[in-house]
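The values are calculated or read from the model by the stated rules, or taken from the named source; none is laboratory data. Keep in mind that this is a model prediction, so the values were computed, not measured. Cβ placement follows ideal geometry from the backbone for every residue including glycine, while neighbour counts extend to all protein chains displayed.
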Amino acid sequence: MKRGMLTDCLTTVIALAIAAGCGRKKEVEKPAGSEKTAGRQITIGLLMETYDVARWARDEEYFTKRAEELGAKVLRAVANGDQDKQNQQADTFLTQGADVLVVIPRDLKTAARIVKSAHEKNVPVLAYDRLILGCNLDMYITFDNELVGYMQAKGVLEKVPEGNFILLGGASSDNNAALLRRGQMKAIREHEEATGKKINILDDSFLDNWDKEEARRKISNLLTRFKAEGKPVHAIIASNDGTAGGAIAALKAEGLAGAVAVSGQDAELAACRRVVEGTQTVTVYKPVRQLASASAEAAVRLARGELPDEIAAALGVKLHKLNNGTIDVPSIYLSPIAVTKENMRDTVVQDGWHSEEKIYSETAFAE
């Protein structure tokens, strides 16, 4: 009787030990940090790719402000377009004790090394507005870039329902450029099916970078070529405001500015002025304050060990999955807004992105 009771006790103890061990294993599957960051200030390593595009300085400003409101400390570095430099900056932040890294990468593949190095130190990584490929990325927050491309094409098609189009892609190394193109083509196909009108795509190449001058040279050469071939260009679907600016500079040189519909994105001040002036047809406004704030909160929660579905629920948004070639990355997509001359005041001005005075001064549409 005693031997049986002892056996039963031992069995119970072993079962409890196994259960406890399973519980510990399950906790390890959570993102890094809930125990190591408990009760102390969280340090975020924010890795910027560049300031060349006007919006990025504002992303950094809004992100830092929100992170500090949440009690976090932000370490900041900019790589000036050099991915190797950014990888080294990430290593420096990890050495300095960063609890989470937030990365805007230059090279989406090479940046995978940042994730690998961070995970070796049990530090989670959040990709900000650009996906990192080929790694076990913890989380990704962006705008719905396919929808951005769709809005760009729709805005142009509303002005030019048929004719010869150039699709001016962004940096070939940027996955967002491919997503934009997917959305642009979706809008074109839907338009053709719905109206019976034909869009003739004269060129659909991508640039080496999101570079205004490269875009100007590209469009200038294409305009010369297609003019010689007797093919007038009716619209250019440019993938951001910088490349749109380059395209419009090339059009001006040919006396075509305003006669050719042009899209963009980012609602840069110069682009908003061009939209009001009539040389740019549409830009797509991505509320950067919303992206930066959501990313700052997600970074803090990742550092505390929260899971992506818990973070999405806390932010009140839907969690998606986007495959990066290795895993289905937990992703949050925020909604962009198409901006034209008609709704400029109700969007970027009302949101405080640009003041009415800055947009409407020095234009023929000043009131």
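Structure notes:
- Among the residues making up the stretch 186-196, those that are touching a residue at least 12 places away in the same chain (Cβ under 8 Å) and either hydrophobic (A, V, I, L, M, F, W, C) or within 19 Å of VAL262 (Cα to Cα) (or both) are LYS186, ALA187, ILE188, HIS191.
- Evaluated against (1) in contact with a Pro (Cβ under 9 Å, 6 or more places away or on another chain); (2) basic (Lys, Arg); (3) free of Cβ contacts under 8 Å to residues at least 40 places away in the same chain, LYS318 falls short on exactly one condition, (1).
- Options ALA178, ALA228; residue that is farther than 28 Å from ALA253 by Cα and without any contact (Cβ under 8 Å) to a residue 24 or more places away in the chain: ALA178
Yes/no per residue for (1) in a helix (DSSP H, G or I); (2) touching a Phe, Trp or Tyr at 6+ places or on another chain (Cβ under 6 Å); (3) modelled with pLDDT of 95 or more:
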site: THR279; (1), (2), (3): no, no, yes
site: ARG289; (1), (2), (3): yes, yes, no
site: GLU297; (1), (2), (3): yes, no, yes
site: LEU302; (1), (2), (3): yes, no, yes
site: GLU306; (1), (2), (3): no, no, yes
site: ALA312; (1), (2), (3): yes, no, yes
site: PRO330; (1), (2), (3): no, no, yes
site: ALA338; (1), (2), (3): no, no, yes
site: GLU367; (1), (2), (3): no, no, no
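- Within the stretch 235-265, considering residues that are part of a helix (DSSP H, G or I) and of a type in the set (Gly, Ala, Ser), the one surrounded by the most Cβ atoms within 10 Å (Cβ to Cβ): ALA244
- Residue, surrounded by the most Cβ atoms within 10 Å (Cβ to Cβ), within the stretch 186-200, restricted to residues that are in contact with a helix residue (DSSP H, G or I) (Cβ under 8 Å, 6 or more places away or on another chain) and closer than 20 Å to LEU147 by Cα: ILE199
- A count restricted to the stretch 275-285 and to residues that are more than 19 Å from LYS218 (Cα to Cα) and buried (at least 24 other Cβ atoms within 10 Å of the Cβ) stands at 6.
- The number of residues in the stretch 334-346 that are in contact (Cβ under 8 Å) with a residue 60 or more places away in the chain and closer than 13 Å to VAL276 by Cα comes to 4.
- Some residue of the stretch 204-220 being buried (at least 21 other Cβ atoms within 10 Å of the Cβ), assigned to a loop (DSSP other than H, G, I, E, B), touching a residue at least 12 places away in the same chain (Cβ under 8 Å) and not β-branched (Val, Ile, Thr): yes
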